1. In whole Hz, what ³J(HN,Hα) sequence does segment 188-204 give by Karplus (6.51, -1.76, 1.60; θ = phi - 60°), x for Gly and Pro?
2. If you average 1/r over all unlike Cα pairs in segment 2-273 and invert the result, what Kirkwood radius do you get in angstrom?
3. Taking the Cα-to-Cβ direction at Gln169 and at Glu253 and moving 7 Å from each Cα, how far apart do the two end points lie in nm?
4. Taking the Cα centre as origin and putting +1 on Lys and Arg beta-carbons and -1 on Asp and Glu beta-carbons, what dipole magnitude results for the chain, to the nearest 20 debye?
5. Give the calculated FRET efficiency between His236 and Ala198 to the nearest 0.05, with a Förster radius of 22 Å applied to their Cβ-Cβ distance.
6. Which of Leu23, Gly174, Val34 sits closest to the plus end of the dipole of the chain, meaning its Cα is farthest towards the positive end, when Lys and Arg get +1 and Asp and Glu get -1 on the C-beta?
7. For Val36, what residues show an amide H to amide H distance below 5 Å, using hydrogens built from the backbone and excluding near sequence neighbours?
8. Taking amide H atoms as placed 1.01 Å from N in the peptide plane, list the residues 5 or more away in sequence, or in a different chain, whose amide H sits under 5 Å from that of Glu253.
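What follows is calculated from the coordinates using simple rules that are stated; it is not laboratory data. All values reported here derive from a predicted model rather than from experimental measurement. Heads up, the Cβs are rebuilt from the backbone with ideal geometry, glycines too, and the neighbour counts pull from every protein chain shown.
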Amino acid sequence: MRVVAHLSDLHFGRTDPATLPALANAIAIAKPDVVVVSGDLTQRARTREFEEASRFLDTLPRPQIVVPGNHDVPLYNVLSRWLEPLDNFRRYIGRDLAPFYADDEIAILGINTARSWTFKSGRINRDQVASGCARLALNGEHVTRIVVTHHPYDVPGTEDDRNLVGRAQLAMAGFAQCRVDMILSGHLHVGHIGHSAARYKIPGYSALVVQSGTATSSRRRGENNSFNIIAINRPHVHIDRLAWDGTSFVLSETEHFEFVQDGWFRVGDRHVAE
């Protein structure tokens, strides 16, 4: 079994300070094999904010897979936005914008969907899908393959579909070919877990789409700060959502999924594949 801690949208520069030690403590208790951060480490991509984010990441277990979000691209410094949009991310967080981790049970690939020419939305391109799939395909069929991006491939029913990552349909078709099992994202500050077959009608394919709420931002959008603990014991996946109660992160919800002939589905929902 492998355990992945999935957090997102830290937004240093606009955090609730009380959440930080509590988050680090909750992650330490979970003893994850990998920590995933799906973007928006900062509020305005300022040097000070990246320094704070880097110091916080140093308190968490490693290995870590960390990708940038749209807030990690400078907003007001127009020159930096166009010429070196992720310079601070590379300097303080990690130079690799396609970070990768693999062992004999899981393979996790980060893909950058932040773009300098958009302020909020994100995009994935054909080359990113092709190169990512080529890397994941080197792992055996028994290995659970995971992609991490900031922008989501699915949204809750109350959210606008325009928040989906650009070229989501193209990406999902590619992920189906290389059998991506799970996609982790953030961006909306709202937790959401589902399976891709509900939105993308690809015969014989259904991946888990897991969205984390904001772990530490004071901009909560009506939902408490939260993050996910994902336990992978193929063909089963259990996902715990831990939510901030004002003093600590406590278990809020648990969902169970299983791999069947047509892919991953919530336990009891196999009929969706028909």
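1. 8, 6, 9, x, 7, 9, x, 10, 5, 5, 5, 10, 10, 8, 10, x, x
2. On the way: mean 1/r = 0.0545 Å⁻¹.
When all Cα pairs of segment 2-273 are included, the Kirkwood radius is 18.3 Å.
3. So the label points at Gln169 and Glu253 sit 2.8 nm apart.
4. On the way: 30 positive and 31 negative charges, 159 e Å.
Once rounded to the nearest 20, the dipole reads 760 debye.
5. Values: r = 20 Å, r/R0 = 0.90.
In this case the efficiency is close to 0.65.
6. Gly174
7. Residues meeting the amide H criterion: Ala5, His6, Leu7, Ile65.
8. Amide H neighbours of Glu253: Arg241.
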